[in-house]
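Each value in this text was obtained by applying a stated rule to the coordinates, not by laboratory testing. This is a predicted model, so every value here is computed, not measured. With ideal geometry, Cβ positions are generated from the backbone for all residues, glycine too; neighbour counts draw on all protein chains shown.
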Amino acid sequence: MKKGAQSHEELVVWQLSYQLKLGVYQLIKASPIRTDRNLHDQLRNAARAAPRLIAEGFGRYLPGEFARYLRTGQR
C-alpha cells in the first residue's frame with residue numbers, strides 16, 4: 001500500500017505551480033513584457049520559485065517540517 005507521494009512531481013500543488021510557471025513563460029514570450037528586461041526577469045524568477053520551493057521542501061523528511069517549509073518558504 002502506497003503511503004504518500006514518492007516524488008514532488010506527484011503532488012497536485014507542484015503540478016499546478018509548474019503549469020502556472022509555464023503559463024507565465026508563454027505570457028512573457030508573447031507580450032511586450034519581453035522587451036522590459038527587469039520585469040521579464042522578475043516574472044520568470046517569481047514563476048519558477050513556487051515549484052522549486054515545493055520540490056526542495058519535499059526532500060525534508062518530517063511532514064511537519066515540510067508543512068512549515070511550504071508556509072514560510074524558509075530555507
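Remarks
- Extending 7 Å from Cα along the Cβ direction at residue 26 and again at residue 13 yields two label points whose distance is 2.5 nm.
- Relative contact order of segment 13-72, taken over Cα pairs closer than 8 Å and 6 or more residues apart, is 37 percent.
- 3J(HN,Hα) along segment 17-31: 5, 5, 5, 4, 4, 5, x, 5, 4, 5, 4, 4, 5, 9, 9 Hz, from the Karplus curve 6.51 cos²θ - 1.76 cosθ + 1.60 with θ = phi - 60°, whole Hz, x for Gly and Pro.
- The chain: equivalent-ellipsoid semi-axes (sqrt of 5 x gyration tensor eigenvalues, Cα, Å): 30, 14, 7
- Under the Karplus curve 6.51 cos²θ - 1.76 cosθ + 1.60, θ = phi - 60°, whole-Hz ³J(HN,Hα) for segment 44-55, x wherever Gly or Pro sits: 4, 5, 5, 5, 8, 5, 4, x, 5, 5, 5, 5
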